[in-house]
Amino acid sequence: MTIAILGGGLAGLSAAYYLKREGGIEKNQSIQIIEASDHTGGWIQSWKDENTNVISELGPRTIRGRGKSANNTYSLIKDLGIEDLVRNVGIDASARYIFANGNIHQLPMSVWKALFTVNQPFTKPWIYYVLRECFSSNNSKAKLPDVQSNDESAYDFFCRTFGQEFADYLISPLLCGVCGGNAKQMSVKFMFGALYEAERKHGTVGLGLLKEQLSSIWNRDKVKDTKGTNIVKPPPSVYYLDGGLQRLIHALDIDNKSQGIHTNLNTQCTELHFHENGNGARIGFSNGKQLECEHVISALPAHKLASLFHVKSQHSTLTQLLTSIPMVSIATVNLTYDDPNVMGPYKGFGVLSSPLEKLSLLGIIFNNYIYGHSDRVDLTVMMGGYGFNEHFVKNSKCLSGEKLADTAVGHVKRVLDIQSKPNTYSTQILNDCIPQYTVGHYERVTKLQEYINVKRLPLTLVGSSYAGISVNDVIFASMTAMRKLCR
């Protein structure tokens, strides 16, 4: 029998890799990856300009190196034999900027500077917001949102705890940059889980995090290693792969193929039907062929999986839950300037725009500093997100490559004061590329899993629609799901 993996992006390739590694496949079983496009990797695509040697990324360009999921990604990279491709981001890429009130502001790089000096656009030192949160009567447990709702928007949470400036000038731009999302809609429980739990358990975020940290140190000190310690070199705090993140996709492709896993490109899945009592499933394709399989692992975006259930009455509850996870589109424009001095004083990772500016701009990434290039300026301008329809779809002329480039150049002039025209540009529209973890996301995913379990559906869900958008999140979720499936 066949185990079918729908979607050959990072989630699907990782699922195939871990499924084989975890020993979940018997001799008479095969793994088939079904991919509608002519390539694997999904939004992870890298290409190189042969004239400038500039590496451009369609999707993510860096990977964070701290935390449990990050350690798992780094282990995967080492197991695939591509650790030698790991590169630290450039030394000048540490600074972050916020565009607010018509000006660009550097976020403080020192904790002490942030706490005890006023850093625009904030009107008070951050210690004020911290003390406000810890001692304000508004943060008592009695003032918490109704426990029955069990969630609130990130914007409301930070307005209530640290104040409106914190929500407007830090959290809102951050969520625009991370997922193109509206802080007034995004779930604090999902996006800022540690802070959410700290307040729920201890009444305040600050004191709660301090108590959790002290408890962690105390418990760690009590654990004695009687078998010795293996010192493992940790990954860089933020890194990229030489040649682009698509090198990770290629390595997974090669490894999966060596393990007998077959990838079917240009294969459009059009229908999914589950047999009674969990006895497998039937997949229909656009060419009229069908595939009987024992189990289905869906790495598709939730709304695409929902579209495969043609008999809506069969699993209407499942379809409704899947379609309740919204998606947003992003327009990206890569701009290259041959003059390395056009950036002026700005060095860093990039700048995020406050939604209060009411621009189509989400942020600008300083690729030349990330990759350590000093002979040119290479920028990626991100636009749209939750405001994509308002800024672009309502006026279809705005979607042309030339118009997108003009809009991006206008943002660069306004934010970075770069008055010269770029020497080269390229534009991309990523339709429905980022899921939105809106208020109640945890509950929706829980209901999805409960439905699958109760109906005994031979279905496993992986991918960014459910457990996180980052490279680390997607790989870790696939690994966790495959271990559970194998058990």
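The values are calculated or read from the model by the stated rules, or taken from the named source; none is laboratory data. Note that the structure is a prediction, hence the values are computed from the model and not measured. With ideal geometry, Cβ positions are generated from the backbone for all residues, glycine too; neighbour counts draw on all protein chains shown. Surface areas here come from the heavy atoms of the whole protein model, side chains and all, with no ligands, DNA or RNA. Shrake-Rupley method; radii C 1.70, N 1.55, O 1.52, S 1.80 Å.
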- Message: Residue pairs, Cβ under 8 Å, 6 or more apart or interchain, first in the range 431-443 and at positive phi, second open to solvent by less than 20 Å² (accessible area, probe 1.4 Å) and not aromatic (Phe, Trp, Tyr). List them.
- Response: ASP432/VAL328; ASP432/SER329; GLY440/ASP151; GLY440/SER187
- Does at least one position in the range 182-194 carry a residue that is among the basic types (Lys, Arg) and at pLDDT below 95? no
- Query: So how many residues does the range 161-170 have that are at pLDDT 95 or above and either in a loop (DSSP other than H, G, I, E, B) or open to solvent by less than 10 Å² (accessible area, probe 1.4 Å) (or both)?
  - Reply: 1
- Task: Could you please let me know if ASN389 is surrounded by fewer than 18 Cβ atoms within 10 Å (Cβ to Cβ), out of contact with any strand residue (DSSP E or B) (no Cβ under 6 Å at 6 or more places or on another chain) and within 30 Å of ILE325 (Cβ to Cβ)?
- Result: yes
- Query: Which of the residues spanning the range 45-91 are of a type in the set (S, T, N, Q) and more than 19 Å from the chain's Cα centre (by Cα)?
  - Reply: ASN51, THR52, ASN53, SER75, ASN88
- Note on the structure: Expected single match for small (Gly, Ala, Ser), free of Cβ contacts under 8 Å to residues at least 40 places away in the same chain and under 21 Å from SER56 (Cα atoms) among SER374, SER329 is SER374
- Task: Would you be able to say whether some residue in the range 365-374 is aliphatic (A, V, I, L, M), surrounded by fewer than 14 Cβ atoms within 10 Å (Cβ to Cβ), out of contact with any strand residue (DSSP E or B) (no Cβ under 6 Å at 6 or more places or on another chain) and under 30 Å from ALA467 (Cα atoms)?
- Result: no
- Just checking, how many residues over the range 404-455 are closer than 25 Å to ILE469 by Cα and open to solvent by 30 Å² or more (accessible area, probe 1.4 Å)? 17
- Query: Got at least one residue in the range 60-76 being open to solvent by less than 20 Å² (accessible area, probe 1.4 Å), farther than 28 Å from ARG487 by Cα and either outside any loop (DSSP other than H, G, I, E, B) or small (Gly, Ala, Ser) (or both)?
  - Reply: yes
- Query: So which residues in the range 77-95 are closer than 25 Å to PRO345 by Cβ and either in a loop (DSSP other than H, G, I, E, B) or open to solvent by less than 70 Å² (accessible area, probe 1.4 Å) (or both), if there are any at all?
  - Reply: VAL89, GLY90, ILE91, ASP92, ALA93, SER94, ALA95
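Out of HIS262, HIS273, which single residue is in contact with a Gly (Cβ under 9 Å, 6 or more places away or on another chain), open to solvent by 40 Å² or more (accessible area, probe 1.4 Å) and either under 30 Å from LEU379 (Cβ atoms) or not polar (S, T, N, Q) (or both)? Break it down into steps so the answer makes sense when it comes.
Values: HIS262 fails: in contact with a Gly (Cβ under 9 Å, 6 or more places away or on another chain).
Unique residue meeting the criteria: HIS273.
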- Query: Which of the residues spanning the range 24-57 are more than 30 Å from GLY284 (Cα to Cα) and crowded, with 21+ Cβ neighbours inside 10 Å?
  - Reply: SER46, ILE55, GLU57
- Would you check which residues across the range 244-259 are open to solvent by less than 30 Å² (accessible area, probe 1.4 Å) and not in a helix (DSSP H, G or I) and list them? GLY244, LEU245
- Query: Only one of these conditions is not met by ILE98: (1) at pLDDT 95 or above; (2) surrounded by fewer than 20 Cβ atoms within 10 Å (Cβ to Cβ); (3) assigned to a strand (DSSP E or B); (4) within 21 Å of the chain's Cα centre (by Cα). Which number is it?
  - Reply: (2)
- Hits in the range 10-51 - residues which are in a loop (DSSP other than H, G, I, E, B) and at positive phi: GLY23, GLY42
- Query: Looking at the range 141-156, which of the residues that are assigned to a helix (DSSP H, G or I) and at pLDDT 95 or above is least open to solvent (accessible area, probe 1.4 Å)?
  - Reply: ALA154
- the range 288-319, subset in contact (Cβ under 8 Å) with a residue 12 or more places away in the chain and more than 22 Å from ALA11 (Cβ to Cβ), residue most open to solvent (accessible area, probe 1.4 Å): HIS310
